[in-house]
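Report on the following structure.
The values are calculated or read from the model by the stated rules, or taken from the named source; none is laboratory data. Computed from a predicted structure; not experimentally measured. Glycine gets a Cβ as well: all are built from the backbone with ideal geometry, and neighbour counts include every protein chain shown.
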Amino acid sequence: MDAESRFRDPATLFFQSDHVRRYIIASYWVLIALALPLWWKTTSIERLPLPTSEVYTQAQRKLEIPLEICVDSTFSSQIVSLRDAIRVAASYLDVHINTGQDCSMSSTLLVFPGYAVLPGEKLYIEDRKLYYPSHAENLASTFTSLLATKMDRRAAQYSPRYRLSFTLLNEDGSAGQVITGWDIQQAIARHIYPITSALGILHNFTIESQVQFHAPLAFEPQSFSNEGTFGLTAENLTVFINSAEWVLSSSSSNDPVLHFVLFVPSATRRPLEILSPDGTPSSSSAFLIPQWGGIVILNLPAPPPNTLHLTLPELRSSFSSFSRQLSTLLGLPRLPPSISYSSPSKTALSPWQVDTLLRQRTRENVMRSHDTLRSTVTLVSRIDSMPVDEQVQAQVQGSLKALNELFAYARNNITLNEMLAYSARALTLSSKAFFHPGMLAMLYFPTEHKYAVYTPLFASAMIPLLAAALREIAAWRKERREARDARVAENANVTNYDLKTDAATGAPVAR
Amino acid sequence: MCLFSFPFSLWFPLFLLFPLTISNASSQHTNNWAVLVCSSRYWFNYRHMANALGMYRTVKRLGIPDSNIILMLADDAACNERNRFAGSVYANPGRHLDLYGENIEVDYRGYEVTVENFLRLLTGRLPPSFPRSKRLLTDSSSNIFIYLTGHGGNEFLKFQDNEEVSAHDIADAFHQMYEGGRYNEIFFMVDTCQANSMYSKFYSPGILATGSSVVGENSYSHENDYDIGVAVIDSYTHYVLEYMEKVNKTSRLTMADLFTSYDVPKIGSHPGVRSDLFERPLGPEHPMNEYGRGRGWTVQGGGEWMGREMETEKRERKLTEALITDFFGGVVEVDMDSDDDLHAFEDLECPASEELTSSPMKASSPVAPLSPPASSSLLDMYPFLRPSLAFILLGALFAFVFSGIFSTRS
């Protein structure tokens with residue numbers, strides 16, 4: 001009897017009473033129902049809508065940059081050919097040619113940079129004025145060579161920021177005659193700064209410099225003739241940069257770097273000359289690697305110099321090579337050799353060159369941001385699992401906005417600088433959107449894979465829950481049926497015996 | 001065509017500007033990149049490490065600078081406790097050549113070799129904190145050689161016994177690269193079991209692909225070294241590398257020469273080629289027509305080559321043939337300055353030093369500085385919070401429901 005009393009009758013346990021048990025089972029299902037949206041939310045990919053149709057419309061628009069030319073009436077016969085030539089060479093220019101007024105004044109009055117063609121003794125440019133001999137007939141080709149040149153294919157892609165890295169490399173300091181220093185600040189200020197300041201509206205430049213004392217070449221330069229001269233063949237030049245052992249720039253930022261290397265050959269290996277294709281030493285000691293940078297080889301004079309410090313005059317020829325290479329890498333068009341430029345302030349870049357570069361870069365940026373925006377929306381629509389978050393959305397919209405403003409203002413008198421600023425902004429934002437780290441599509445999983453992952457996880461939990469729920473529902477229905485049966489029987493009894501009070505208390509009436 | 005519409009006088013000075021241009025001229029690319037991935041780890045996968053390092057040595061020998069090579073390597077073989085030859089990785093039983101010895105720059109090492117990093121590397125969607133050496137800084141004029149090795153299966157490649165990259169993922173990543181203008185041409189090579197399935201899902205133009213074995217076929221290891229105690233290299237890679245030894249920087253060997261060098265009885269599996277997305281012909285008619293036929297090739301109608309039927313048409317269009325050096329070369333172009341240019345810049349100098357006092361480096365930028373992306377929420381900063389938050393909420397719900405039940409007892 002004691003043993004029996006120790007265990008309570010299951011029917012008396014509070015949680016075994018029907019409604020508590022059902023409450024517990026129902027709570028599981030309520031929980032699942034509440035958790036489902038949460039689970040859906042946390043596992044679904046956030047894909048915010050992108051302005052797809054706007055992007056496609058924008059991408060089809062063609063940029064037309066206004067170009068005002070005031071032509072002196074002396075040249076009125078050449079206007080048609082001039083307009084056609086510019087149209088053909090640069091379809092992105094919207095040429096307006098004025099004639100019949102006093103052109104010597106107009107170019108300074110316009111907000112938008114206008115150009116003037118004036119009769120002159122010889123062919124030269126001054127500010128934005130072109131003086132052209134009145135008897136010459138080839139105004140159109142002169143103009144296209146000034147304003148509608150093609151972008152140099154050696155130029156680096158546009159970037160709002162560039163890092164210029166100047167390195168003085170001693171091939172082998174231990175061989176003697178090592179250069180320990182150079183007047184780099186003065187050399188940069190004298191040769192590089194004129195370019196960087198003139199192009200300051202295009203790019204933001206950071207400049208760094210270093211001197212290294214051991215920079216071995218990855219190959220043996222061949223010795224030719226018996227005079228101890230060493231030569232670099234064309235093939236050698238392509239592998240000249242020993243990037244495994246030379247550290248040419250600090251990696252403190254991800255801005256594109258343009259490298260400038262002043263290479264001082266080892267004392268045992270000089271003079272080191274570049275060979276022209278026919279095998280004779282070339283008179284040039286500089287070469288350029290497209291989009292990468294420039295290299296100048298500096299052979300020290302035969303009697304070893306007393307000073308181991310390169311002074312400004314000694315750096316002059318090397319740095320004029322660097323400045324030429326820099327202007328090539330930045331895509332600065334050159335003045336045709338036939339045109340001389342007289343500048344009062346002796347800044348060697350004419351506004352014609354800078355303006356042309358600005359137009360080319362603006363056009364390039366607009367085209368690139370069109371491409372990037374279009375690629376972004378096509379990719380997002382093509383790859384279903386690619387997330388699009390708020391930042392990407394905002395960047396795409398920002399890029400579109402900048403482009404819209406650029407196009408809206410291109411008709412008005414917006415300056416080239418502002419146009420470039422808008423295009424650069426559009427480009428930066430669109431590529432930021434495209435390369436946003438959040439835009440990584442989740443890994444592709446085949447359907448079988450999903451079943452294989454989810455089944456062991458959920459089936460083991462769901463089966464007992466389902467079974468309990470089904471059993472409980474079955475029991476409940478059975479109960480209800482019994483209750484109804486009982487009630488039917490009772491009603492029958494009530495009619496038989498006509499006993500309302502018994503039915504009200506619910507006490508079963510004996511049958 | 002439009003080239004001739006210009007007056008000759010305009011073009012003439014242009015020719016003077018490029019006095020010396022060394023260029024392969026067969027392909028529109030100006031730089032070459034290589035992505036070499038060994039997706040295995042642990043000592044018994046020594047051979048995969050050796051595969052990747054052998055390929056690394058070859059691309060470097062052919063002139064791709066280290067800065068343009070992204071090497072993803074578990075890198076646990078050279079300094080493994082079980083390696084009798086510490087600090088060395090050999091790819092042949094005689095141990096003639098130490099692949100690890102000299103200058104090895106592993107960009108993604110150990111646990112950094114993940115599917116996510118690989119796909120981020122390709123698509124360029126790396127967090128801003130990643131250094132240059134871990135980025136594929138290519139543009140639309142880059143040719144990229146991508147080499148994968150590891151354990152794989154039908155349409156997947158296993159990464160470090162932990163996760164898998166599927167053929168769909170790589171195909172999508174390549175398409176994103178295409179849309180983003182990140183390559184000119186890709187040469188994709190994969191050495192794994194059922195490797196040819198890895199390139200079957202590609203759909204972006206400009207991709208040439210080759211794999212070591214057809215679907216349902218293993219890719220085999222080549223040789224054991226009994227002192228090292230494991231297989232030292234895979235067969236397919238071994239014979240590709242052996243062939244590449246014939247190639248030098250100025251070689252004119254074509255891709256067709258490489259593909260027709262596949263020797264099935266030696267390799268032990270049937271390598272495949274896919275060129276239907278690639279624009280240029282793989283080589284002259286003679287070797288390429290022989291591809292997949294003859295000794296050892298048991299496949300009916302020749303070895304697996306998607307795009308075989310397009311080859312004649314490509315050749316008829318007189319497109320330049322795909323050279324091996326198009327993908328394995330170094331800097332492909334150098335321009336030398338001509339002397340007459342020099343004088344134009346001689347006088348490019350600031351007039352006098354009084355201007356120097358104004359600081360020269362502050363070139364103002366017209367672009368309004370883009371504000372850094374708005375500070376992200378806590379959930380974005382700590383991604384693990386998301387699942388744990390769900391757990392906490394679930395727990396709270398449980399607690400709430402049960403407390404309700406228990407309180408009814410009293």
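Being under 24 Å from residue A:203 (Cα atoms) and either surrounded by 18 or more Cβ atoms within 10 Å (Cβ to Cβ) or more than 12 Å from chain B (Cβ to nearest Cβ) (or both) is the filter here; which residues of segment A:410-420 pass it?
Listed by number, the residues that qualify are A:410, A:413, A:414, A:416, A:419, A:420.
Among the residues of segment A:254-267, is there at least one that is within 14 Å of residue A:171 (Cα to Cα) and within 11 Å of chain B (Cβ to nearest Cβ)?
Going residue by residue through segment A:254-267, those that are within 14 Å of residue A:171 (Cα to Cα) are A:261-267.
Restricting the remaining residues to those that are within 11 Å of chain B (Cβ to nearest Cβ) gives none.
No: segment A:254-267 contains no residue that is within 14 Å of residue A:171 (Cα to Cα) and within 11 Å of chain B (Cβ to nearest Cβ).
Scan segment A:114-146 for residues that are in contact with a strand residue (DSSP E or B) (Cβ under 7 Å, 6 or more places away or on another chain) and among the aliphatic types (A, V, I, L, M) and jot them down.
Those that are in contact with a strand residue (DSSP E or B) (Cβ under 7 Å, 6 or more places away or on another chain) and among the aliphatic types (A, V, I, L, M): A:116, A:117, A:118, A:123, A:125, A:130, A:139.
Could you please find all residues in segment A:172-187 being under 15 Å from residue A:261 (Cβ atoms) and within 36 Å of the chain's Cα centre (by Cα)? Write out each step before concluding.
Step one: list which residues in segment A:172-187 are under 15 Å from residue A:261 (Cβ atoms), which gives A:179, A:182, A:184, A:187.
Across segment A:172-187, the qualifying residues are A:182, A:184, A:187.
Would you say residue A:265 is at pLDDT below 85 and assigned by TED's automatic domain parsing to the domain that holds residue A:232?
no
When you check residue A:492 against the structure, is it more than 18 Å from residue A:36 (Cα to Cα), surrounded by 10 or more Cβ atoms within 10 Å (Cβ to Cβ) and not acidic (Asp, Glu), yes or no?
yes
Testing residue A:423 on (1) in a loop (DSSP other than H, G, I, E, B); (2) under 18 Å from residue A:200 (Cβ atoms), one condition comes back false. Which one is that?
(1)
Could you list all residues from segment B:190-207 that are assigned to a loop (DSSP other than H, G, I, E, B), touching a helix residue (DSSP H, G or I) at 6+ places or on another chain (Cβ under 8 Å) and among the polar types (S, T, N, Q)?
B:192, B:200, B:204
If I filter segment A:283-303 for residues that are over 38 Å from the mean Cα position of the chain (by Cα), of a type outside the set (D, E, K, R), within 30 Å of residue A:123 (Cβ to Cβ) and within 11 Å of chain B (Cβ to nearest Cβ), do I get at least one hit?
yes
Given the condition basic (Lys, Arg) and either more than 39 Å from the chain's Cα centre (by Cα) or at pLDDT below 85 (or both), answer yes or no: does some residue in segment A:86-96 qualify? Give the derivation first.
Start the filter on segment A:86-96 by keeping residues that are basic (Lys, Arg), which leaves A:87.
Narrowing further to those that are either more than 39 Å from the chain's Cα centre (by Cα) or at pLDDT below 85 (or both): A:87.
Yes: segment A:86-96 contains one or more residues that are basic (Lys, Arg) and either more than 39 Å from the chain's Cα centre (by Cα) or at pLDDT below 85 (or both).
Taking only segment A:380-409 into account, find how many residues are in a helix (DSSP H, G or I), of a type outside the set (Ser, Thr, Tyr) and surrounded by 19 or more Cβ atoms within 10 Å (Cβ to Cβ).
Start the filter on segment A:380-409 by keeping residues that are in a helix (DSSP H, G or I), which leaves A:380-382, A:390-409.
Retained after the next criterion (residues that are of a type outside the set (Ser, Thr, Tyr)): A:380, A:382, A:390-398, A:400-408.
Restricting the remaining residues to those that are surrounded by 19 or more Cβ atoms within 10 Å (Cβ to Cβ) gives A:380, A:391-392, A:395-396, A:400, A:402-403, A:406.
Residues flagged as in a helix (DSSP H, G or I), of a type outside the set (Ser, Thr, Tyr) and surrounded by 19 or more Cβ atoms within 10 Å (Cβ to Cβ) within segment A:380-409 amount to 9.
Identify all residues within segment B:300-314 that are outside any helix (DSSP H, G or I) and either touching a strand residue (DSSP E or B) at 6+ places or on another chain (Cβ under 7 Å) or among the acidic types (Asp, Glu) (or both); write none if there are none.
Across segment B:300-314, the qualifying residues are B:303, B:304, B:305, B:306, B:307.
Mind telling me which of the residues A:47, A:22 ends up being basic (Lys, Arg), at pLDDT 85 or above and within 30 Å of the chain's Cα centre (by Cα)?
Numbers: A:22 fails: within 30 Å of the chain's Cα centre (by Cα).
Of the residues listed, the single one that is basic (Lys, Arg), at pLDDT 85 or above and within 30 Å of the chain's Cα centre (by Cα) is A:47.
Just to be sure I understand the filter: pairs with C-beta atoms under 9 Å, separated by 6 or more residues or on different chains, first member in segment A:431-450 and over 21 Å from residue B:167 (Cβ atoms), second member of a type in the set (A, V, I, L, M) and modelled with pLDDT under 75. Which pairs pass?
Going by the 9 Å Cβ cut-off, the qualifying pairs are A:432/B:370.
Looking only at segment A:114-154, count how many residues are within 11 Å of chain B (Cβ to nearest Cβ) and closer than 30 Å to residue A:253 by Cβ.
Residues meeting the conditions: 3.
Going through segment A:33-72 one residue at a time, which ones are closer than 30 Å to residue A:466 by Cα and out of contact with any helix residue (DSSP H, G or I) (no Cβ under 8 Å at 6 or more places or on another chain)?
Passing the criteria: A:33, A:36, A:37, A:40, A:41, A:43, A:44, A:45.
Hey, which of the strands (runs of 3 or more DSSP E) in segment A:153-256, taking only ones fully inside, have at least 3 residues that are surrounded by 17 or more Cβ atoms within 10 Å (Cβ to Cβ) and in contact with a Leu (Cβ under 8 Å, 6 or more places away or on another chain)?
A:161-170, A:204-212, A:229-232
What is the number of the single condition among (1) of a type in the set (Ser, Thr, Tyr); (2) more than 30 Å from residue B:282 (Cα to Cα); (3) within 14 Å of chain A (Cβ to nearest Cβ) that residue B:30 does not meet?
Result: residue B:30 fails condition (2) only.
Could you grab me the full set of residues in segment B:208-239 that are polar (S, T, N, Q), assigned to a strand (DSSP E or B) and surrounded by fewer than 23 Cβ atoms within 10 Å (Cβ to Cβ)? Reasoning before the result, please.
Our first condition is that a residue be polar (S, T, N, Q); within segment B:208-239, this holds for B:210, B:212-213, B:218-219, B:221, B:224, B:235, B:237.
Then drop every residue that is not assigned to a strand (DSSP E or B), which leaves B:210, B:221, B:224.
B:221, B:224 - these are the residues of segment B:208-239 that are polar (S, T, N, Q), assigned to a strand (DSSP E or B) and surrounded by fewer than 23 Cβ atoms within 10 Å (Cβ to Cβ).
Among the residues in segment B:106-123, are any surrounded by 15 or more Cβ atoms within 10 Å (Cβ to Cβ), among the aromatic types (Phe, Trp, Tyr), more than 14 Å from chain A (Cβ to nearest Cβ) and in a loop (DSSP other than H, G, I, E, B)?
No, segment B:106-123 has no match at all.
Could you tell me which numbered condition residue A:441 fails, if it satisfies all but one of (1) surrounded by fewer than 21 Cβ atoms within 10 Å (Cβ to Cβ); (2) within 9 Å of another protein chain (Cβ to nearest Cβ); (3) at pLDDT below 85?
(1)
Check segment B:84-97 and report whether any residue there is within 14 Å of chain A (Cβ to nearest Cβ) and in contact with an Asp or Glu (Cβ under 9 Å, 6 or more places away or on another chain).
Among the residues of segment B:84-97, not one is within 14 Å of chain A (Cβ to nearest Cβ) and in contact with an Asp or Glu (Cβ under 9 Å, 6 or more places away or on another chain), which makes the answer no.
Name the pairs: first residue in segment B:161-178 and more than 7 Å from chain A (Cβ to nearest Cβ) and on the phi > 0 side of the Ramachandran plot, second residue part of a helix (DSSP H, G or I) and of a type in the set (Ser, Thr, Tyr), Cβ to Cβ under 7 Å, at least 6 apart or on different chains?
Here the result reads none, with nothing in segment B:161-178 linked to a residue that is part of a helix (DSSP H, G or I) and of a type in the set (Ser, Thr, Tyr).
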